[in-house]
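Below: the structure, in structure tokens.
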Amino acid sequence: MHLAIIGAGFVGLSMGVVLADKGHKVLLVDVDKAKVEKINSGIAPFYEPKLSELLEKHVGNNLKATTNYSELEKAEIIFICVGTPSKPDGSIDLKYVISACESLKDVLKHAKDYKLIVVKSTVLPTTTEKVIIPILEKSGKKAGKHFGICVNPEFLREGSAINDFLNQDRIVIGAMDKKSGDILEKFYRNDFPSSPIVRVDLRTAEMIKYASNAFLATKISFINEIGNICKKIGIDVYKVVEGMKYDPRIGGHFLNAGIGFGGSCLPKDLKALINFAKELGEHPKLLEAVNHVNETQPERLVELAKQRIGELKGKKVAVLGLAFKPGTDDLRETRALPIITKLLDEGAEVIVYDPIAKLPEELNGSVKVASSLEEAIKEAEIIKIVTDWEHFKELINLEHYLEGKLIFEGRRIFDVKPENLEIEGICW
């Protein structure tokens, strides 16, 4: 099929290379000329495992990037995959969605055949009905008659997006009419026959995405609260989880206690849902508590050091990890930044190391960036592990650099505490 994907970011590009690999003709549309040029040169604009290999394999053949919406004339299905960032008050910013729809409106105006528009961008319930469809219908074409509309939320995890799209645990199709839903279901059945498909209406599909992310965020903040209690009485929270996870009603996923969640989805979507609920006259106390725990949890890693040695002014602290999780270079809502900021406020001298992620511009000149794990820890008096990169387990082999130094874990990278290292966990 001829497919178009609007937005060549994490979701759009990851989807695009997989669909190209399955034999579809994929056109990526993005307003960023530099990004488009990179993609057409076979260079991935961000890090994601397997992305570069698939991009190099298919660019110029089944896959092409462009800034020109007029090239969408052959597209049978058009996926909207642009970002929906947060405004300062936590509400969702639809400017990229609106811009994409304004450009699509002109495509539909001149289209001679039926096209299916699929919203994969994360938008709040009723957005497709109240915002997207009215803009598209300014083309003079009628939704449900001249073009179809579906909401098809993505559930891709950074660091495993390619595998997640290849092995989708469910495919949610929210459709405004039967024809739209049938077309999208047939498309997915052909390429992903083993993935269960859930058919619902537009606003239900939109809510499924938000409810899913809010629940995952709740599990993380819940186990961090339990971990904070366990810490006070000398209990290893990971042993508590070991005894919980066999209950099928609970499971073990997203019960890794630590410094909290970050990334492009969970914090943003949680705040947007809280704001949306308030606009509806609801007071989402549980969701607000989940967010509060996550916002305050990173500070505990700094407080641990203060409890052990007192004042941090003038102390050399190595922060291991910048990315919000391993397998990505994404710094959005990373828990590393509030930790670094707090350390600087305390007067500490900070050196950071991450194998892939780059220091954000606002911290240039404030902290030192190490080029290796050894360089980061060599002169440090205190070491804080904030991203659970597998590479950081090599600390166990660098004990000649670690004598007399305190290590504080914000993530559980060592299942068993190494006898040769002095390590304290944030909530274990």
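Throughout, read-outs are computed from the coordinates displayed, never taken from laboratory work. All figures in this text were calculated on a predicted structure; none of them were measured in a lab. Ideal geometry is used to build each Cβ from the backbone, glycine not excepted, and the neighbour counts take in all protein chains shown.
So if R0 is 30 Å, what FRET efficiency would Lys22 and Asp201 give, r being the distance between their Cβ atoms, rounded to the nearest 0.05?
0.60
So if we plug the beta-carbon distance of Ser52 and Gln307 into 1/(1 + (r/R0)^6) with R0 = 41 Å, what FRET efficiency do we get, rounded to 0.05?
Result of the calculation: an efficiency of 0.40.
Once you have the Cα-Cα distance between Glu424 and Lys232, take 0.36 nm times their residue separation minus that, and quote the gain in nm to one decimal.
67.8 nm
Within 10 Å, count the other beta carbons around each residue, average over each peptide in 203-212, 317-326, and list them highest first.
317-326, 203-212
Could the peptides 6-13, 106-113, 175-182 be put in order, highest first, of the mean number of other beta-carbon atoms found within 10 Å of their residues?
Those peptides, ordered most packed to least, come out 6-13, 175-182, 106-113.
So who's got an amide H within less than 5 Å of the one on Val369, skipping anything under 5 residues away but keeping other chains? H placed 1.01 Å off N, in plane.
Amide H neighbours of Val369: Val352.
Asp345 versus Asp93, label points 7 Å from Cα toward the beta carbon: distance in nm?
Each label point lies 7 Å from its Cα, and together they span 2.3 nm.
Within 14 Å, Cβ to Cβ, of Ile274, how many net charges do the neighbouring residues add up to if Lys/Arg are +1 and Asp/Glu are -1?
Once positives and negatives cancel, what remains is -1.
For a label point 7 Å from the Cα of Lys278 along Cα→C-beta, name the residues of the range 63-102 whose backbone N is under 14 Å from it.
Those under the cut-off are 87-92.
Per 10 Å bin from zero, what fraction in whole % of the C-alpha pairs of the range 256-308 is there, up to the bin with the longest pair?
Using 10 Å bins, I get a P(r) of 22, 43, 23, 10, 1 for the range 256-308.
Once phi is turned into θ = phi - 60°, what whole-Hz ³J(HN,Hα) does the Karplus curve with 6.51, -1.76 and 1.60 give for every residue of the range 4-21, x standing for Gly and Pro?
10, 10, 8, x, 9, x, 3, 6, x, 6, 4, 4, x, 5, 5, 5, 5, 5
Which of Lys417, Lys130 comes first, and how do the rest follow, when ranked by fewest Cβ neighbours within 10 Å?
Fewest to most other Cβ atoms nearby, the residues stand as Lys130, Lys417.
Of Lys87/Lys112; Lys130/Lys271; Lys145/Lys271, which pairs sit farther than 26 Å apart, going by alpha carbon to alpha carbon?
Lys87/Lys112; Lys145/Lys271
Count the DSSP beta bridges whose two residues both fall in the chain, then state the antiparallel fraction as a percent rounded to the nearest 5.
Antiparallel bridges: around 5 percent, rounded to the nearest 5.
Along Cα→Cβ, 7 Å out, is where each label goes; now give me the distance between the ones at Ile396 and Asp182 in nm to one decimal.
For the pair Ile396/Asp182, the computed spacing is 5.8 nm.
Which FRET efficiency value, to the nearest 0.05, do you get for Lys417 and Tyr114 by plugging their Cβ-Cβ distance into 1/(1 + (r/R0)^6) with R0 = 56 Å?
0.35
Around Gly404, with a cut-off of 12 angstrom between Cβ atoms, what is the net charge of the other residues, counting Lys and Arg +1 and Asp and Glu -1?
Summing Lys and Arg as +1 and Asp and Glu as -1 gives -3.
Charges on Cβ only, +1 for Lys and Arg, -1 for Asp and Glu, centred on the Cα centroid of the range 299-425; of Leu402, Gly310, Tyr353, which one is farthest towards the dipole's positive end?
Ranked along the dipole, the leading option is Gly310.
How much net charge surrounds Pro196 when only the other residues with a Cβ under 9 Å from the Cβ of Pro196 are counted, with Lys and Arg +1 and Asp and Glu -1?
0
In whole Å, what is the distance between the alpha-carbon centres of the range 360-428 and the range 41-86?
Rounded to whole Å, the Cα centres lie 37 Å apart.
Kindly flag which residue pairs out of Lys74/Lys178; Lys285/Lys358; Lys38/Lys105 have an alpha-carbon separation exceeding 32 Å in this structure.
Cα-Cα > 32 Å for Lys285/Lys358; rest within.
Counting only helical runs of four or more DSSP H residues, what would the 222 nm mean residue ellipticity of the chain come to if each run contributes -39,500 (n - 2.57) and the total is spread over all its residues?
Per the formula, -11500 deg cm²/dmol.
Order these peptides, 84-97, 384-397, by their mean beta-carbon neighbour count within 10 angstrom, highest first.
Per-residue mean Cβ counts within 10 Å order the peptides as 384-397, 84-97.
Please find, in a Gaussian network model of the chain (springs between Cα atoms separated by less than 10 Å), the residue of Glu379, Glu137, Glu242 whose mean-square fluctuation is greatest.
Glu242
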